[in-house]
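Each value in this text was obtained by applying a stated rule to the coordinates, not by laboratory testing. Everything quoted here is computed from the prediction, not taken from an experiment. Neighbour counts are summed over all protein chains in view; Cβ atoms, including those assigned to glycine, are modelled from backbone coordinates with ideal geometry.
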Amino acid sequence: MDLNNYLSGKISLNYFIHRLNQNGASFHIHYWGVMPNHYDTQWHKHSFFEVVYVIKGEGVYIEDDLTYPLQENTLFLSRPEVLHQIKSKKGLSLLYVAFDLIDSESSESWIKIMETAKQSSNIILYDVEETETALLWRSLLLRATNRHHEFFEEMLSNTAYGLILSILQDFVPLLNKSHPKQDYEQYSALLTQAQLYIHDNLSNSLRLTEVAKHLHISGRHLSRIFVAELGVSFSKYVQDERIKKAMVLLKRSKLSIKEISEETGFMNVHYFTRVFSEMMQTSPGKFRSLYFDKYTTTFSEG
């Protein structure tokens, strides 16, 4: 793999993929990296997780008094607040991503998973070339170089989320046990129907009792399904979906912010602005301005 071919993909990832929010987990992505020639670093630590994929080269990764050899197709995890260093005489070709969980927007089960990851002693893996993580990472970079695809941002976001989950699966072996298989078998069909109904009716009020009635089950049953399968409450899921649709409309439509608030089911524009600003750490207007140039060159009056 010639990493120089993926430098444009790195730029796209750092521009588009800062936040991933699905299934009860909200991740902040600090940066994506592609480094064709990496040598030594100083001793340092992060406040977040950083995962590094060694594509080519040899070196060592050092944590405190432990030294791990690095070679082609090695994957390693730098945990928060752990002092570490990378050394290589001839250089390493690296892919890397830095991320952490946004606790205030994530379920308790995900918070526990990330706490487990912080304590993990399983921090380095060898011969990962054909693993799901390696394949997803290469696929993500390939997709990130093709900005002209009609569903570019959606595909990029979904692949990036899959990569983060796969990485956590590699380093937190007990991840699957937090979601019992029997819950999926019992609830998955009803959950899919509920998600489709919500997605197609975001301009409506979407009260728990109304959606449950549509599915011919009780509100209590529907609430349990969302918590059991996704780790989030029904109301949190609906709000997240409203904001996701609002983000798409802000980037791709000429609707006013008031019209977008109505299209996404918020009671008024002031409430929409407050919720959007709290979740995205920026106002709808400022968020839209980030895409203004792209918007004016992509869309025209019908």
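Sorted ascending by nearby beta carbons within 10 Å, beginning with the fewest, Phe226, Phe152 become Phe152, Phe226. Report the net charge of residues surrounding Gly219, where surrounding means a beta-carbon distance below 12 angstrom and charges are Lys +1, Arg +1, Asp -1, Glu -1. Combined, the nearby Lys, Arg, Asp and Glu give +3. Cross-link pairs exceeding 31 Å between alpha carbons, from the set Lys45/Lys90; Lys10/Lys245; Lys45/Lys286; Lys10/Lys87: Lys45/Lys286. Shown in residue order for the stretch 32-43 are the 3J(HN,Hα) couplings computed by the Karplus curve 6.51 cos²θ - 1.76 cosθ + 1.60 at θ = phi - 60°: 10, x, 10, 10, x, 9, 10, 10, 8, 10, 6, 4 Hz (x for Gly and Pro).
Over the chain, DSSP H runs of length four or greater, each weighted -39,500 (n - 2.57), average out per residue to a 222 nm ellipticity of -15000 deg cm²/dmol.
Here volume of the Cα convex hull per residue in Å³ was calculated from the structure, and among [x] 145; [y] 195; [z] 178 it sits at label [x].
Between His30 and Ala98, Phe99, Asp100, the built amide H atoms are under 5 Å apart, and every one of these is 5 or more places off in sequence or on another chain. Place +1 on the Cβ of every Lys and Arg and -1 on the Cβ of every Asp and Glu in the chain, take the dipole about the Cα centre, and give the residue among Thr131, Gly57, Ile225 whose Cα lies farthest towards its positive end. Of Thr131, Gly57, Ile225, it is Ile225. In plain terms, the residue of Leu3, Leu168 with the fewest other Cβ atoms within 10 Å comes first and the most crowded comes last, giving Leu3, Leu168.
Shape call for the stretch 21-68 from the C-alpha gyration tensor, a ≥ b ≥ c root eigenvalues: rounded (a/c under 1.5), prolate (a/b greater than b/c) or oblate?
Prolate.
Backbone phi angles across the stretch 273-283, fed through the Karplus curve with coefficients 6.51, -1.76 and 1.60 (θ = phi - 60°), yield HN-Hα couplings of 4, 5, 5, 4, 5, 5, 7, 9, 6, 7, 6 Hz in residue order; Gly and Pro are listed as x.
Based on C-alpha pairs under 8 angstrom that are at least 6 apart in sequence, the stretch 3-177 has a relative contact order of 26 percent.
The distance from the alpha carbon centre of the stretch 21-37 to that of the stretch 107-144 is 11 Å, rounded to a whole number. Between Gln195, Gln42, Gln22, the GNM of the chain built on Cα springs shorter than 10 angstrom shows Gln42 fluctuating the most. Restricted to Cα atoms, the stretch 3-177 shows a radius of gyration and a Dmax of 15.6, 49 angstrom. In the stretch 181-296, Cα pairs under 8 Å separated by at least six residues give a relative contact order of 21 percent.
Would you order Ile217, Ile257 from fewest to most other beta-carbon atoms within 10 Å of each residue's own beta-carbon?
Working: Ile217 16, Ile257 19.
Listed from fewest to most nearby Cβ atoms, that is Ile217, Ile257.
Got the relative contact order for the chain handy, in percent, Cα pairs under 8 Å and 6 or more residues apart? Normalised by residue count, the contact order of the chain is 15 percent.
Taking the Cα centre of the chain as reference, the dipole from Cβ charges on Lys and Arg (+1) and Asp and Glu (-1) amounts to some 780 debye.
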